1. In segment A:218-236, how many are in a loop (DSSP other than H, G, I, E, B) and either of a type in the set (A, V, I, L, M) or farther than 16 Å from A:Asn188 by Cβ (or both)?
2. From (1) surrounded by fewer than 15 Cβ atoms within 10 Å (Cβ to Cβ); (2) under 30 Å from B:Leu140 (Cβ atoms); (3) at pLDDT below 70; (4) not aromatic (Phe, Trp, Tyr), pick out the condition that doesn't hold for A:Val35.
3. Applying the selection to segment A:118-145, what residues are farther than 24 Å from B:Ala79 by Cβ and outside any strand (DSSP E or B)?
4. Has segment A:84-100 got any residue that is within 14 Å of chain B (Cβ to nearest Cβ), surrounded by 14 or more Cβ atoms within 10 Å (Cβ to Cβ) and over 29 Å from the mean Cα position of the chain (by Cα)?
5. Which residue pairs have Cβ atoms under 7 Å apart, sit 6 or more places apart or on different chains, and have a first residue in segment A:35-60 that is within 8 Å of chain B (Cβ to nearest Cβ) and a second that is in a helix (DSSP H, G or I) and hydroxyl-bearing (Ser, Thr, Tyr)?
6. Would you check which residues across segment A:198-209 are without any contact (Cβ under 8 Å) to a residue 40 or more places away in the chain and hydroxyl-bearing (Ser, Thr, Tyr) and list them?
7. Across segment A:117-146, what is the total count of residues that are more than 14 Å from chain B (Cβ to nearest Cβ) and either surrounded by fewer than 20 Cβ atoms within 10 Å (Cβ to Cβ) or out of contact with any Asp or Glu (no Cβ under 9 Å at 6 or more places or on another chain) (or both)?
8. Name the residues in segment B:112-149 that are within 13 Å of the chain's Cα centre (by Cα), surrounded by 16 or more Cβ atoms within 10 Å (Cβ to Cβ) and over 20 Å from A:Leu15 (Cα atoms), would you?
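The values are calculated or read from the model by the stated rules, or taken from the named source; none is laboratory data. Remember, predicted model here, so these are calculated numbers, not experimental data. Every residue, glycine as well, gets a Cβ built from its backbone with ideal geometry; the counts of neighbours run over all protein chains shown.
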Amino acid sequence: MESFLNRYRNITVLLLVIFAQLVLLAVQVKNDQDVRIIRVWTVTAVTPVARVIEAVRGSTVGFVRNYFMLHDADAENRRLREEVGRLKIQNIFLQNQLNTADRAKALQVFQSKTASKMVAATVIGSSASTGSKIVLVDAGTPAGIQRGMAVVTPDGIVGKVLAAYPTGSEVQLITDPEFAAGVISQKNGVRGTLKGQGTPTCKLDYVPLEEKVEVGEMLYTSGDDRIFPRGFPAGVVKVVRNAQPFKEILVEPTGLQHEIDDVLIIVEGVHQQIPLVPPANQPVYMAPQPPADQKAPAPAPAGVAAAGASPGANPAGGTEADKLRSVYKSVGEAQNHTFGEGLPGSKPPDFTKLPTGPAGAAPPGNTTVPKPAGPPATNPATPPTGAPPAGTTAPPKQPDTQRKANQAAGAGPGQGQIN
Amino acid sequence: MDYSSGPLLVSQRERQSKKFRAWVLFAIPLAALLFQISVPRFFQFVGFLDMPLLVVVYFSLMWRNQLGGLAIGALMGLAQDSLSHDPLGMFGIDKTLVGYFAASVGVRLDVDNAVLRLLLTFFSYLFHQCLYWVMSHALLGRQMAFEGQRWLLLGLMNAVVGVSLYHFLDKLRESV
C-alpha cells in the first residue's frame with residue numbers, strides 16, 4: 001500500500017486538491033454562501049499594494065503628460081529650461097492637487113444636493129477575471145460599506161457593492177452580465193429591468209410590446225429593487241426594437257460614459273422624484289456679447305429711415321410691405337393722423353404727398369424704378385415734403401409726370417382709405 | 001532507447017541547474033495578480049492577457065515538479081477567484097490542472113526552447129478556457145458561448161507575450 005502511494009503520490013495529491021476544491025465549490029453553490037475568509041485574505045493582501053500602485057500611476061501619468069511632452073518645447077534655451085522644468089514640476093503638483101480638489105468638489109456638490117447619505121470612494125483596481133465587470137474601491141467596512149449598497153456618480157448609477165472588506169470593496173458595474181436593477185422611463189413611466197451584457201451598453205428587459213419607449217428617453221431607477229433609491233439617472237435609450245416576448249431595448253448607461261475614478265456609495269438611500277425633464281448632459285457654450293457697434297449705419301432711404309427711427313417701426317431690412325407701411329405711417333403722423341382711431345367717414349390723410357425715395361420706399365407700382373437715396377430723415381415728425389432739417393440737403397424736386405404716376409399707383413382708389 | 005539525447009529533451013543535470021530566489025516566488029505571482037486587476041483598467045488592449053495563467057505555466061515548467069506546479073496553480077487560481085467574485089474553485093481547479101500538466105511536460109522536455117514554450121502556453125490557454133467553459137456549464141449552470149475561434153486567437157497572443165515574459169523571468173533565476 002505504501003509503495004503504491006509513493007508511486008502515485010503526485011497524481012494522488014492532484015486528485016485530493018481537485019476534490020477539495022470541488023467540495024469547496026459545491027458548498028458555495030449549494031448554500032449560496034461565500035467562503036469569506038479566503039477572499040478577505042486575498043483582498044487584504046492585494047488592495048494595499050494596488051492602492052500604492054494607483055497612487056504611483058496617477059503621479060506618473062500626470063508627470064509624463066505635463067512634463068516630458070512639453071520638455072522639447074524648452075530646448076531652445078538651456079538656462080531657462082531648468083527654471084521652467086522646476087516650475088512645471090511645481091505646477092504639476094499643484095495641478096494634481098487642483099484636479100483632486102475639483103473631483104472632490106463635484107462629488108461634494110452632488111452629495112449636498114442629494115438627500116441620500118453617501119461615502120466617497122476611489123477605484124483602485126478591476127476584476128481579475130476577463131469577462132466580468134467588477135472593480136475594487138478603497139472604501140471598506142470601516143467606512144460603513146455593506147454588501148448590496150448602491151454605487152453612483154453625479155452622472156448616474158455605476159453599480160452595487162458585491163462584497164465589503166476591511167481594506168476595500170468589490171463593486172459590480174451595471175455592465176456586468178449578472179447585474180440587474182429596476183428602472184422607470186422618464187417620459188412614459190414604463191418600468192423594466194436594466195441588465196448588463198458585458199458590453200458598454202445595457203439591456204432593458206421585461207418591457208411588454210404595447211408599452212411605449214422612445215429612443216433618447218432617459219431611464220431612472222425605480223427603487224423597486226431595494227438597492228438603488230428611486231430617481232437616480234440610469235441611462236439613455238439608444239435602440240428600441242420589437243421582439244418576442246418583450247421589446248429589445250439597448251441602453252447607454254450615463255454613469256459609465258466617462259472613466260470612473262471616484263464614486264459615491266449610498267449608505268442611506270432616500271427616494272427622490274423622477275425629474276420632469278432629463279438633466280442636461282453637456283453645458284452649452286455661450287459666446288460673449290458682441291461689442292457696441294461704433295460704425296455709423298449705412299445711409300437708408302428717406303422714408304425707410306424715418307420709419308426706422310420711429311418707435312416700434314421695422315428696420316430698413318424688412319419686407320416690401322413693411323417698408324410701404326412705414327411710408328404711409330410717416331405720412332399719417334406728419335398730418336397728425338393716428339391710424340385705427342378715425343371713425344368711418346372721417347377725413348383720411350392726404351396720401352398724394354408721399355415722400356420721394358428709392359424703389360424700396362416707393363409706393364406699389366413704382367418699385368422697379370431705382371431712385372437715388374435721399375438724406376436720412378432723423379425726426380419722424382418732420383413732414384417728408386416740408387423743409388429739410390438743418391444740415392441736410394433738400395430732396396430733388398420730383399417731376400409732375402412721375403408724381404402723377406406714383407399717385408395713380410400708390411394712392412389709387414381703395415388704397416387711400418386707410419383709417 | 002535514450003530519449004535524453006534529443007534536442008528538445010532535457011538531461012538530469014540540466015533539470016536542477018537553476019532555481020528561483022525566494023522573493024521572486026512571492027513577488028512575481030503577486031505582480032501578476034496586480035497586473036490583472038490594475039492594468040486592463042487603463043489599457044484595455046491588454047485585457048486579453050491572462051497573466052496569472054502565464055505565471056503558473058512558467059513556474060510549473062521551470063520547477064519540473066508536479067507537486068510544485070499544482071500548488072502554485074491552486075494558489076494562483078484561488079487568489080484569482082477571490083478577486084473576480086467567481087465561486088472559489090473555478091479558477092482554482094482550472095489552474096491546478098494546468099500547473100500539474102505543465103510541470104509534467106517540464107519533467108520530460110527542454111522547456112528553455114522558445115518554440116516549445118510557445119506551443120505549451122498556447123495549448124495551456126486553450127485547455128484553461130475549455131475547462132472553465134465546461135465547469136461553468138456543468139457546475140454553475142451558466143450559459144456561456146463557446147468562442148473557439150476567439151480562444152485560438154487569444155491563445156496565440158498570450159503565447160507570444162508569454163514567451164517574451166518567460167525570457168525576462170529567466171533572468172531572475174540563479175544558478176546553484
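1. First, the residues of segment A:218-236 that are in a loop (DSSP other than H, G, I, E, B): A:222-232.
When the remaining residues are screened for being either of a type in the set (A, V, I, L, M) or farther than 16 Å from A:Asn188 by Cβ (or both), the result is A:223-232.
Residues meeting the conditions: 10.
2. Among (1) surrounded by fewer than 15 Cβ atoms within 10 Å (Cβ to Cβ); (2) under 30 Å from B:Leu140 (Cβ atoms); (3) at pLDDT below 70; (4) not aromatic (Phe, Trp, Tyr), A:Val35 violates only (1).
3. Just the residues of segment A:118-145 that are farther than 24 Å from B:Ala79 by Cβ, to begin with: A:118-120, A:143-144.
Within segment A:118-145, A:Ala143, A:Gly144 qualify.
4. Step one: of segment A:84-100, the residues within 14 Å of chain B (Cβ to nearest Cβ) are none.
No, there is no match, as no residue in segment A:84-100 is within 14 Å of chain B (Cβ to nearest Cβ), surrounded by 14 or more Cβ atoms within 10 Å (Cβ to Cβ) and over 29 Å from the mean Cα position of the chain (by Cα).
5. A:Ile38/B:Ser82; A:Arg39/B:Ser82; A:Thr42/B:Ser82; A:Val43/B:Ser82; A:Ala50/B:Ser38; A:Ile53/B:Ser38
6. Here is the first cut: in segment A:198-209, the ones without any contact (Cβ under 8 Å) to a residue 40 or more places away in the chain are A:199, A:208-209.
The answer is A:Thr199, and nothing else.
7. Step one: filter segment A:117-146 for residues more than 14 Å from chain B (Cβ to nearest Cβ), giving A:117-121, A:139-146.
Checking which are either surrounded by fewer than 20 Cβ atoms within 10 Å (Cβ to Cβ) or out of contact with any Asp or Glu (no Cβ under 9 Å at 6 or more places or on another chain) (or both) leaves us with A:117, A:119-120, A:139-146.
Summing the residues that are more than 14 Å from chain B (Cβ to nearest Cβ) and either surrounded by fewer than 20 Cβ atoms within 10 Å (Cβ to Cβ) or out of contact with any Asp or Glu (no Cβ under 9 Å at 6 or more places or on another chain) (or both) in segment A:117-146 gives 11.
8. If we filter segment B:112-149 for residues that are within 13 Å of the chain's Cα centre (by Cα), which is where we start, we get B:117-129.
Right, trim to surrounded by 16 or more Cβ atoms within 10 Å (Cβ to Cβ) and you get B:117-118, B:120-129.
Scanning segment B:112-149 gives B:Arg117, B:Leu118, B:Leu120, B:Thr121, B:Phe122, B:Phe123, B:Tyr125, B:Leu126, B:Gln129.
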